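Undergrad: Right, I'll just put the structure down here and ask away after.
The values are calculated or read from the model by the stated rules, or taken from the named source; none is laboratory data. All values reported here derive from a predicted model rather than from experimental measurement. For neighbour counting, all protein chains shown are included, and Cβ atoms are generated from backbone atoms with ideal geometry for every residue, glycine included.
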Amino acid sequence: MNAPTETALGLTESRSPGGRILKAVTYLLVLIVFAGPLLALLVSAFSQVKDPTQLSVIPSGATLDNFRIAFDQGVLAYLLNSFFVVGFGLLLQVAVSVLAGYALARKVFPGMTLVLVAILATLMLPEEILALPLSVILSDLPVVHFNLIGTLAGMIVPLGAWGFSILVMTEFMKDVPRELEEAARIDGAGDLRIFAQIILPMCKPALGVIGVFGFTMIWDQYLLPLLVSTDSSSYTLPLALRTLRIDPAVTPGVVMAASLLALLPSVIVFLFFQRSFVHGLSSGALKG
């Protein structure tokens, strides 16, 4: 009855009381390590916290004053700036990714390998290396000569092309059967119709993946808003958290409340697109 059973990794799992206790303790430790900080954040956001070293996972003195003070400090305006940047930035990023992915996956043109290498190279460069040339370009946009420093547009335009999203869409579109495209061309369909009615609908799992990852990447941006912003009116919420943290008049509970507001959108987006996200990852794993 207490004989060990084999797990998926080929290890043995003991069913004895000692083994079950050890497993329960292990699960509890993992839960504390991963969920403990999030629970402390949630509890502290609704508690009167005066000392950052006294954060607790046990609720005490529930209050909404932290959120009221956070709104008085302009957190709502920073939150709206973040939503504006992530909304238009993600829309631009998805549009560029699907169009670039279609060109790289379904077309053949000179220098295609160099383009793929260049896109892959952008994923290997730290943001700090790109900070200086990016600030120079945004201060005098090539061809049109616009100065985007100090504007929300300056935070949106650089986010339009992300190598990760382009590569994900390219790999998914490569797996769409060529026979479907050829049959559509026989029926008189052009490139635009094939792209919109055949290729793109079959890549919905990939759209879920790049949507979730893209939202998280844009929402968590810190260096880009730091380079572009010239005053607090254009701050996004991640950048504003730094200002709140170093303000001696702001208590740790207020910072926790603002941090909770910064965390919630990413969680909501993941839960909303969870099915498409998991389907996209599993499809990619099976294709790999």
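Undergrad: Return the residue satisfying two criteria in turn: it lies in the stretch 167-197 and is farther than 17 Å from Val108 by Cβ and β-branched (Val, Ile, Thr), and of such residues it is modelled with the lowest pLDDT.
TA: That would be Ile186.
Undergrad: So, one more: Consider Gly74 carefully, then state whether it is within 21 Å of Thr236 (Cβ to Cβ), touching a Gly at 6+ places or on another chain (Cβ under 9 Å) and among the small types (Gly, Ala, Ser). Walk me through how you get there before you give the answer.
TA: Numbers: within 21 Å of Thr236 (Cβ to Cβ): yes; touching a Gly at 6+ places or on another chain (Cβ under 9 Å): no; among the small types (Gly, Ala, Ser): yes.
No: the conditions fail for Gly74.
Undergrad: Working carefully through the options Leu226, Leu200, find the one that is surrounded by 14 or more Cβ atoms within 10 Å (Cβ to Cβ), more than 14 Å from the chain's Cα centre (by Cα), more than 30 Å from Ala258 (Cβ to Cβ) and at pLDDT 85 or above. Show your work before the answer.
TA: On the way: Leu226 fails: more than 30 Å from Ala258 (Cβ to Cβ).
Matching residue, one of Leu226, Leu200: Leu200.
Undergrad: If you don't mind, there's one more thing I want to ask. Has the stretch 77-88 got any residue that is closer than 30 Å to Arg178 by Cβ and part of a helix (DSSP H, G or I)?
TA: Here is the first cut: in the stretch 77-88, the ones closer than 30 Å to Arg178 by Cβ are none.
Looking through the stretch 77-88, none of the residues is closer than 30 Å to Arg178 by Cβ and part of a helix (DSSP H, G or I).
Undergrad: All but one of (1) modelled with pLDDT of 85 or more; (2) buried (at least 16 other Cβ atoms within 10 Å of the Cβ); (3) outside any helix (DSSP H, G or I) hold for Ala161; which doesn't?
TA: The single condition Ala161 does not satisfy is (2).
Undergrad: Scan the stretch 100-125 for residues that are surrounded by 13 or more Cβ atoms within 10 Å (Cβ to Cβ) and free of Cβ contacts under 8 Å to residues at least 12 places away in the same chain and jot them down.
TA: Correct list: Ala103, Val115.
Undergrad: OK, next. Filter the stretch 219-255 down to the residues that are closer than 17 Å to Phe67 by Cβ and touching a Phe, Trp or Tyr at 6+ places or on another chain (Cβ under 6 Å) and list them by number.
TA: Within the stretch 219-255, Leu237, Ala240 meet the criteria.
Undergrad: Here are some residues: Ala184, Ala196, Ala249. Which one is free of Cβ contacts under 8 Å to residues at least 60 places away in the same chain and not in a helix (DSSP H, G or I)?
TA: On the way: Ala184 fails: not in a helix (DSSP H, G or I); Ala196 fails: not in a helix (DSSP H, G or I).
The unique qualifying residue is Ala249.
Undergrad: Given the conditions (1) modelled with pLDDT of 80 or more; (2) over 30 Å from Ile156 (Cβ atoms); (3) part of a helix (DSSP H, G or I), and given that Thr63 satisfies all but one, which numbered condition is not satisfied?
TA: So Thr63 meets the others, but not (3).
Undergrad: Give all pairs with beta carbons closer than 7 Å in which a residue from the stretch 200-222 that is free of Cβ contacts under 8 Å to residues at least 12 places away in the same chain and on the phi > 0 side of the Ramachandran plot meets a residue that is of a type in the set (Asp, Glu) and in a helix (DSSP H, G or I); count only pairs at least 6 apart in sequence or on separate chains.
TA: No pair meets every condition.
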